1. Would you list, by chain and number, the aspartates and glutamates whose Cα falls below 14 Å from the Cα of LYS176, excluding same-chain residues fewer than 8 positions away?
2. Once a ≥ b ≥ c are taken as the square roots of the eigenvalues of the Cα gyration tensor of the chain, is the result rounded (a/c under 1.5), prolate (a/b larger than b/c) or oblate (a/b not larger than b/c)?
3. Assuming a viscosity of 0.692 mPa s and a temperature of 37 °C, what translational diffusion coefficient in µm² per second does Stokes-Einstein assign to the range 47-98, Rh being the Kirkwood radius over Cα pairs?
4. Show me the helices of the chain, taken as full DSSP H stretches, that run 18 Å or more along their long axis by Cα and average -1.0 or above in Kyte-Doolittle hydropathy.
5. With a Förster radius of 22 Å, plug the Cβ-Cβ distance of ASP10 and ASN107 into 1/(1 + (r/R0)^6) and report the FRET value to the nearest 0.05.
6. Label ASP61 and TYR41 with points 7 Å out from Cα along Cα→Cβ: what is the distance between them in nm?
7. On full extension of the chain, what length is gained from GLU121 through THR184, given 0.36 nm per residue of separation minus the C-alpha to C-alpha distance?
8. Order GLU121, GLU74, most accessible first, counting only protein heavy atoms with a 1.4 angstrom probe.
Amino acid sequence: VKDLPACASDQRLILWQGDITRLNADAIVNAANSPLLGCFYPCHGCIDNALHSAAGLQLRDECNRIMEAQGHEEPTGRAKLTSGYNLPAKYVLHTVGPMIYGELTRNDCESLASCYRSCLELADEKELKSVAFCCISTGEFHFPNRKAAEIAVDTVKDYLDSHNIHIQKVIFNVFKDIDKEIYTELLR
């Protein structure tokens, strides 16, 4: 993370295209499903599956212990912190983004912003210095890419400006070219 170039407009922000499971950030964010147990479809191309596969079975075991203690599925917009296990990242922040079934609502947008805030709050509490976000809810959960990116950038900037104590770098990790184009425009 320390070698990635920061955005000219804000030295705390980084845009990086690649495999989030290879980043050595203090924490990477998993766009999780509500049971927090990883994707249930073998070889599925979602971030949840990629992250659990790279981290190893210990991650699923820790998530299972957390969820058994909680006694219910993880609500949308909240976050949990686990170890990173076989990942270069020390920790994984798991958050459940909103699923979009029809038209995008104000509640959907507020829920997505809550995902980003919840992750940043946990990272700050743990005194982490770097956090890498995937594009939460834009894949299998069908949140429109541009609106999701706008919410992500606005929420992260607002948090860093008003609440942040420890976080020094936030990486917006994109996988698709369209997301890279959108974030490049928003971070100018």
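The values are calculated or read from the model by the stated rules, or taken from the named source; none is laboratory data. Because the structure is predicted, anything quoted here is derived from the model rather than measured. FYI the Cβ positions are ideal-geometry reconstructions off the backbone, even for glycines, and counts take in every protein chain you see. When the accessible area is computed, the model is the full protein with side chains, heavy atoms only, and any ligands, DNA or RNA have been set aside. Shrake-Rupley method; radii C 1.70, N 1.55, O 1.52, S 1.80 Å.
1. Straight-line reach from LYS176, under 14 Å: ASP19, GLU140.
2. The shape class here is rounded.
3. Rounded, D is 288 µm²/s.
4. What comes out of the filter, once short or polar helices are dropped, is 57-70, 106-125, 145-162.
5. 0.15
6. For ASP61 paired with TYR41, the spin-label model returns 2.9 nm.
7. Once the chain is fully extended between GLU121 and THR184, it gains 20.2 nm.
8. The residues order as GLU121, GLU74, largest area first.
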